[in-house]
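The values are calculated or read from the model by the stated rules, or taken from the named source; none is laboratory data. These numbers come from a predicted model, not from an experiment. Cβ placement follows ideal geometry from the backbone for every residue including glycine, while neighbour counts extend to all protein chains displayed. Remember, those area values only see protein heavy atoms, side chains included, never the ligands or the DNA or RNA. Shrake-Rupley method; radii C 1.70, N 1.55, O 1.52, S 1.80 Å.
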Amino acid sequence: MSPLRTRLSQATRDPALFPMDSDEALGQALLARVEGMVGQAKLPRPALLLLGPEQITQVDLLPVQQAGANMHRFIAACTRVDLEVNVVALVGVMGLRLSRQSEQSVPAAMVFLERPDCSWWSAQRVLKDRQLSDELPVRLRCAEEGWPRPGGLGGWWSRGRFEGLQLKLHRDAPTVH
């Protein structure tokens, strides 16, 4: 397989910004950040967060999409990276199909969390004219409440294990402080 270039950034996990007590708390905190950026007229591009107990790694997904790579498989490989990761979060503004019959997608602020046991939590908020609208509320769903997993999202941990995927990270340039 040919190498794929994307941007990664790492930081220490601040429990005040990225709560560890529940998926609901973490998901709501991430959604607030995404909505905050939309409110400032910045549409955050899709990113994957690899969250461990002590650090966060953010993976820019736009280069993956632009390369025409299989996004689902790439995210599944990210679950197999050599880091301590206990939850992955897909965040940003993405296209959302409102029904299975819909041919077109609409822009939505989204957060989707998944754990190694494939439990998940999701928030989706459709945008109106690239802005938040009170008439379009947040749709919250989670596995614990018996909701079916949203189409095209999740199943990454099990796919990564089943296919034996691996992700090898290489640094192009030295770290600048």
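Out of all the residues in the stretch 134-152, is one or more farther than 27 Å from residue 3 by Cβ, surrounded by 15 or more Cβ atoms within 10 Å (Cβ to Cβ) and touching an Asp or Glu at 6+ places or on another chain (Cβ under 6 Å)? Checking the stretch 134-152: not a single residue is farther than 27 Å from residue 3 by Cβ, surrounded by 15 or more Cβ atoms within 10 Å (Cβ to Cβ) and touching an Asp or Glu at 6+ places or on another chain (Cβ under 6 Å).
Only one of 43, 4 is open to solvent by less than 70 Å² (accessible area, probe 1.4 Å), among the aliphatic types (A, V, I, L, M) and more than 17 Å from residue 75 (Cβ to Cβ); which?
Exactly one residue qualifies, and that residue is 43.
In the set 50, 61, 17, 4, which member is in contact with a Ser or Thr (Cβ under 6 Å, 6 or more places away or on another chain) and of a type in the set (A, V, I, L, M, F, W, C)? It is 50. Can you say whether residue 92 is open to solvent by 50 Å² or more (accessible area, probe 1.4 Å) and closer than 20 Å to residue 27 by Cα, as far as the supplied structure shows? When the stated conditions are applied, residue 92 does not pass them. Does residue 84 qualify as being of a type in the set (Asp, Glu) and either open to solvent by 30 Å² or more (accessible area, probe 1.4 Å) or on the phi > 0 side of the Ramachandran plot (or both)? Answer is yes for this residue. Can you pull out every residue in the stretch 133-162 that is assigned to a helix (DSSP H, G or I) and out of contact with any Lys or Arg (no Cβ under 8 Å at 6 or more places or on another chain)? Listed by number, the residues that qualify are 144, 145, 156, 158, 162.
If I filter the stretch 49-67 for residues that are within 20 Å of residue 128 (Cβ to Cβ), surrounded by 14 or more Cβ atoms within 10 Å (Cβ to Cβ) and in contact with a helix residue (DSSP H, G or I) (Cβ under 8 Å, 6 or more places away or on another chain), do I get at least one hit?
Within the stretch 49-67, not a single residue is within 20 Å of residue 128 (Cβ to Cβ), surrounded by 14 or more Cβ atoms within 10 Å (Cβ to Cβ) and in contact with a helix residue (DSSP H, G or I) (Cβ under 8 Å, 6 or more places away or on another chain).
In the stretch 45-64, the residues that are without any contact (Cβ under 8 Å) to a residue 40 or more places away in the chain form Cβ pairs under 8 Å with partners that are basic (Lys, Arg) and open to solvent by less than 30 Å² (accessible area, probe 1.4 Å), at six or more places apart or across chains, as follows: 51/13; 52/13.
Is it true that residue 108 is open to solvent by less than 70 Å² (accessible area, probe 1.4 Å) and in contact (Cβ under 8 Å) with a residue 60 or more places away in the chain? Taking the combined requirement at face value, the residue does not satisfy it. The residue that is surrounded by the fewest Cβ atoms within 10 Å (Cβ to Cβ), counting only those in the stretch 11-40 that are closer than 15 Å to residue 87 by Cα and in contact with a Pro (Cβ under 8 Å, 6 or more places away or on another chain), is 20.
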